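Asker: Could you have a look at this structure, given as structure tokens, before my questions?
The values are calculated or read from the model by the stated rules, or taken from the named source; none is laboratory data. Note that the coordinates shown come from a computational prediction; the quantities given were computed from them, not determined experimentally. A quick note on method: Cβ atoms are made from the backbone with ideal geometry, for glycine too, and the neighbour counts reach across all protein chains shown.
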Amino acid sequence: MKTTDWWYRSRFILAFFLLGLYALLWFWLSPGTQLSGSEIQNYLDRMETGLPMEVTEKREFLSRLRRWAEADDGAPVHMLNLIRFRDSMSAVPGHPEFTGTAQEANSHYEQVVLPMLARRGIYPVFASTPQGLGDGLESNLLGFEAEMDFWDRVMLVRYPSRRAFLDLASNQAYMTVAPYKLAAIDLGFVPLDRQYQLPDPRWAVGLIIGLIVLGVTALRRPVK
């Protein structure tokens, strides 16, 4: 085989390989179809029997979850996590006492759950610890009530669909590790529709420049 023939063929192979990877990524992050009533009921039944929460709290959580699931529009969801670590671990029904700190328990939860997220096309978009205000413990510049302040950690997680959230929350392996989070933190859990999301302009400009450079270098010198 001539060197030039190998070079052209290898470029086509690389192009098809990259297109295949992109197709897999597209499928992985795509929302799929809307939830049916029977699917919602199946997910809630699994959580009713397996989710380790106090009965009254679980009933309210599942009631809100049902209303949210029944309003499914098939679109991706961003879930805002507002996390406040407890001074001491609280008891979770059906789960042994954890001897570490709340921070250690939540860290263990996040490490175990990360592969479960990846398999469902779920990934954290943003995670941070509030900066705090000087020597004080406040984390909020405006909104002075205690329940609106003192956040220890903030996360924004992207779910490809509401189905992905329900599938995760009702999974037995997830419900086994969930007590590490439930016992360690007070949590605000807010589902969000994405209205707009601007990328870092450095990446966008860099991509445009890179495409221009590739296009220019791919041009052949005209034959005279």
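Listed here are the residues, each with its yes/no results for (1) part of a helix (DSSP H, G or I); (2) more than 21 Å from the chain's Cα centre (by Cα); (3) surrounded by fewer than 18 Cβ atoms within 10 Å (Cβ to Cβ); (4) among the β-branched types (Val, Ile, Thr).
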| residue | (1), (2), (3), (4) |
| --- | --- |
| Ala75 | no, no, yes, no |
| His78 | no, no, yes, no |
| Ser88 | no, yes, yes, no |
| Gly121 | no, no, no, no |
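Asker: Could you please tell me which pairs satisfy a Cβ distance under 8 Å, a separation of 6+ or placement on different chains, a first residue in the range 191-220 that is closer than 29 Å to Ile122 by Cα, and a second residue that is modelled with pLDDT under 70 and in a loop (DSSP other than H, G, I, E, B)?
Answerer: none
Asker: Assess whether Glu97 counts as being of a type outside the set (A, V, I, L, M) and either modelled with pLDDT under 85 or closer than 29 Å to Ser128 by Cβ (or both).
Answerer: yes
Asker: Related question: For the range 140-190, which residues satisfy the criterion of being touching a residue at least 12 places away in the same chain (Cβ under 8 Å) and aromatic (Phe, Trp, Tyr)?
Answerer: Phe150, Trp151, Tyr159, Phe165, Tyr174, Tyr180, Phe189
Asker: What is the one condition in (1) modelled with pLDDT under 85; (2) in contact with a strand residue (DSSP E or B) (Cβ under 7 Å, 6 or more places away or on another chain); (3) closer than 15 Å to Val177 by Cα that Gln103 does not satisfy?
Answerer: (1)
Asker: Is there a residue being at pLDDT below 75 and within 30 Å of Glu97 (Cα to Cα) anywhere in the range 122-137?
Answerer: Yes, the range 122-137 contains at least one residue that is at pLDDT below 75 and within 30 Å of Glu97 (Cα to Cα).
Asker: Could you grab me the full set of residues in the range 50-73 that are small (Gly, Ala, Ser) and either over 27 Å from Phe126 (Cα atoms) or buried (at least 16 other Cβ atoms within 10 Å of the Cβ) (or both)?
Answerer: Across the range 50-73, the qualifying residues are Gly50, Ser63, Ala69.
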